[in-house]
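A.B. asks: One structure coming up, written as structure tokens, with questions to follow.
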Amino acid sequence: MVKFQVRNLNIWFGTVHSLREVSLDIEENRILSVIGPSNSGKTTFLRMLDRMNDLQANFKMSGSVIFDAVDIMRIDRESLRKRVGMVFALPLPLPLSIFDNVAYGVRMHGLRRKKDIAGIVERSLKQAYLWEEVKDRLRESAFKLSGGQQQRLCIARTLAVEPEVVLFDEPCSGLDPISTAKVEEAMLKLKQDYTIILVTNNVKQAARVGDRTAFFLSGELIEEDNTDKIFTAPADERTDGYIRGKFG
Amino acid sequence: MRKDPLKTQRIAFFLMFLATFLVVVPVGLIVVIIVQKGLPAMSWQFLTDMPRQGMRAGGIFPAIIGTLYLVSGAIIFALPIGLLAAVYLSEYARDNLLTRIIKLAIVNLAGVPSVVYGLFGLALFVVFLKFGASILSGSLTLGIMILPIIITTSREALESVPQSFREVSLSLGASKWQTIRHIVLPNAIPGILTGTILGLGRAAGETAPILFTVAAFYLPQLPSSLFDQAMALPYHLYVLSTQVPNVDPKITYGTALVLLAIVLFMNLIAIVIRYRFRKLKKW
């Protein structure tokens, strides 16, 4: 089933044309890797899907993004972001305890019963493979965790609100290889229940976890296909050049 | 001739040290002189008694009480309004010419001489709104005077909360107001409190704004309502040192010492709050 239908999407920030005529279908319960050099528009594309671009005052767009048959511009931001979660490039714990970080989303959505909240926190931390490491120190500040643990905490926090889609914006860019492996493991497991879109600067990571891969360059979608196809026989020579590391 | 970089550095360091020293000396001297000359007047009776013999003896209790009333009134009025305005300006208002002019105007208001606020308070509260010379008029005037300080420091505190915290909160589906209420405000509290207390210190120490709006030369009893006049420490000090002949200087300096102690005490609270929150701060 198609989760997102992107059609002729153009995005401007002021006079800068950041995304040009992007059309793309994103399938449910798959991982879509989005690769491309810096300034290729991949993060802008990702932040369109939960309308985080709206925060910028000079944001303008044309075209449409259809999410489960509804145009996202017709869904209010809060409900959309509840269904489309995001994990940022740097681990960004809120200045709260580990427990309160994970509970933040559901509390904001009105959940009050302590037992329910505790259950959600435990389930989410388990999904992010963090539970065993933090179960005895849930009241400690989230800033006491290591970078890799913080990023898994952020994943747990996103999962706690039970989104349908999780957007990852270069989630491993600040992590060591072992932490990266743990985050990737979590992502592969999560795709059974979630649709995942992963923006990454790491081409190998895209190859490891993506079912499909999209290659962006200078605001244009060059091609999007099965990951195997992109990495063995890309249709466009620019894709070939990028994944072989000829430019970046 | 070649310059010796070490020598230039030494000269520069010396000049900077001298400048710092010149800043510290007068502050230290003020404190030393006032404590030295005012301490002999200090007694329980001085703090809790009414002035006697045309203010040449007795205590300064009504002036202390008046100053506390005025400062509390000013803060009750200025803190909520200032905080709401700061939240609006830094979180909600679009960044356009109008809001930039408003922000600039607020910063400039902080530099308006206090006597101008006094005249404004006289015209608006005392005369036009017919509150008369009263605690109400004086508190409102002081409140208006410290509003720019509270707004400016609160805005700085709000804007120093990292943008990424807001993005995280919004990305979890929290509304803008929830984000402000649960993430931005709690992390801005130390800065807001610091600004508020600095404003309080200013309100406690100013003479000109209360001169026309509330301050009484001498009152035989304590004020009993918002519409009464009141004595206040800075004005009392002015009266003692210029209007009353043959005052024992230790009473004048004693009054100055009490005023200084109140203001320093407030600043101390601000420092303690800032320090404690900074220890809690985790980013």
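The values are calculated or read from the model by the stated rules, or taken from the named source; none is laboratory data. None of these values were measured; they are calculated from a predicted model. Cβ: placed from backbone, ideal geometry, glycine included. Neighbour counts: every protein chain shown.
A.B. asks: Scan segment A:97-123 and report the pairs whose first residue is within 14 Å of chain B (Cβ to nearest Cβ) and whose second residue is in a strand (DSSP E or B) and of a type in the set (A, V, I, L, M, F, W, C), with Cβ atoms within less than 7 Å and a gap of 6+ or a chain change.
C.D. replies: Partner pairs satisfying both residue conditions: none exist.
A.B. asks: Taking the conditions exactly as written (in contact with a strand residue (DSSP E or B) (Cβ under 6 Å, 6 or more places away or on another chain) and over 24 Å from A:Pro171 (Cβ atoms)), does A:Met73 satisfy them or not?
C.D. replies: So A:Met73 does not fit the description; no.
A.B. asks: Counting residues that are surrounded by 11 or more Cβ atoms within 10 Å (Cβ to Cβ) and touching a His at 6+ places or on another chain (Cβ under 8 Å), which helices (runs of 4 or more DSSP H) fully inside segment B:3-105 reach at least 1?
C.D. replies: By residue number, B:61-87.
A.B. asks: Follow-up question, since we're still on this one. Consider only pairs whose beta carbons are under 8 Å apart and that are at least six residues apart or on different chains; among these, list those whose first residue lies in segment A:45-56 and is more than 14 Å from A:Ile75 (Cβ to Cβ) and within 11 Å of chain B (Cβ to nearest Cβ) and whose second residue is among the aromatic types (Phe, Trp, Tyr) and part of a helix (DSSP H, G or I).
C.D. replies: none
A.B. asks: Report, by residue number, each residue of segment B:87-134 that is within 17 Å of the chain's Cα centre (by Cα), of a type in the set (A, V, I, L, M, F, W, C) and farther than 17 Å from B:Ala208 by Cβ.
C.D. replies: Of everything in segment B:87-134, those that are within 17 Å of the chain's Cα centre (by Cα), of a type in the set (A, V, I, L, M, F, W, C) and farther than 17 Å from B:Ala208 by Cβ turn out to be B:Ile106, B:Val107.
A.B. asks: Shifting gears a bit: Within the bounds of segment A:177-194, is there any residue that is within 12 Å of chain B (Cβ to nearest Cβ), of a type in the set (Val, Ile, Thr) and under 13 Å from the mean Cα position of the chain (by Cα)?
C.D. replies: No, every residue in segment A:177-194 fails to be within 12 Å of chain B (Cβ to nearest Cβ), of a type in the set (Val, Ile, Thr) and under 13 Å from the mean Cα position of the chain (by Cα).
A.B. asks: A:Gly41 passes all but one of (1) more than 13 Å from every other protein chain (Cβ to nearest Cβ); (2) surrounded by fewer than 21 Cβ atoms within 10 Å (Cβ to Cβ); (3) modelled with pLDDT of 90 or more; which number fails?
C.D. replies: Result: A:Gly41 fails condition (2) only.
A.B. asks: Could I ask something else about it? If you go through segment A:162-181 one residue at a time, how many are over 16 Å from A:Leu92 (Cβ atoms), touching a Lys or Arg at 6+ places or on another chain (Cβ under 9 Å) and surrounded by 19 or more Cβ atoms within 10 Å (Cβ to Cβ)?
C.D. replies: Matching residues across segment A:162-181 total 2.
A.B. asks: Next question. If I ask for residues that are buried (at least 24 other Cβ atoms within 10 Å of the Cβ) and closer than 30 Å to B:Pro223 by Cβ, which ones from segment B:141-175 would you list?
C.D. replies: B:Thr141, B:Leu142, B:Gly143, B:Met145, B:Ile146, B:Ile150, B:Ile151
A.B. asks: Continuing with this model, one more query. Condition check: part of a helix (DSSP H, G or I), in contact with a strand residue (DSSP E or B) (Cβ under 9 Å, 6 or more places away or on another chain) and either acidic (Asp, Glu) or modelled with pLDDT under 95 (or both). Does B:Gly138 satisfy that?
C.D. replies: Against the criterion (part of a helix (DSSP H, G or I), in contact with a strand residue (DSSP E or B) (Cβ under 9 Å, 6 or more places away or on another chain) and either acidic (Asp, Glu) or modelled with pLDDT under 95 (or both)), B:Gly138 qualifies.
A.B. asks: Just give me the residues in segment A:154-168 being away from every other protein chain (no Cβ under 11 Å) and of a type in the set (Val, Ile, Thr), in sequence order.
C.D. replies: A:Ile155, A:Val165
A.B. asks: For B:Tyr117, which of the numbered conditions (1) over 24 Å from B:Val184 (Cβ atoms); (2) within 14 Å of another protein chain (Cβ to nearest Cβ) fails to hold?
C.D. replies: (2)
A.B. asks: Looking only at segment A:64-78, decide whether some residue is within 27 Å of A:Ser179 (Cβ to Cβ) and of a type in the set (A, V, I, L, M, F, W, C).
C.D. replies: No, there is no match, as no residue in segment A:64-78 is within 27 Å of A:Ser179 (Cβ to Cβ) and of a type in the set (A, V, I, L, M, F, W, C).
A.B. asks: Could you list all residues from segment A:134-153 that are surrounded by 16 or more Cβ atoms within 10 Å (Cβ to Cβ), closer than 23 Å to A:Glu184 by Cβ and more than 12 Å from chain B (Cβ to nearest Cβ)?
C.D. replies: A:Val134, A:Gly148, A:Gln149, A:Gln151, A:Arg152
A.B. asks: Return yes or no: is A:Lys60 farther than 21 Å from A:Val2 by Cβ and away from chain B (no Cβ under 14 Å)?
C.D. replies: Spelling it out, A:Lys60 is indeed farther than 21 Å from A:Val2 by Cβ and away from chain B (no Cβ under 14 Å).
A.B. asks: Somewhere in segment B:262-278, is a residue in a loop (DSSP other than H, G, I, E, B) and at pLDDT below 85?
C.D. replies: no
A.B. asks: Could you list, in sequence order, all residues of segment B:239-254 that are in a loop (DSSP other than H, G, I, E, B) and in contact (Cβ under 8 Å) with a residue 40 or more places away in the chain?
C.D. replies: B:Val244, B:Asn246, B:Val247, B:Asp248
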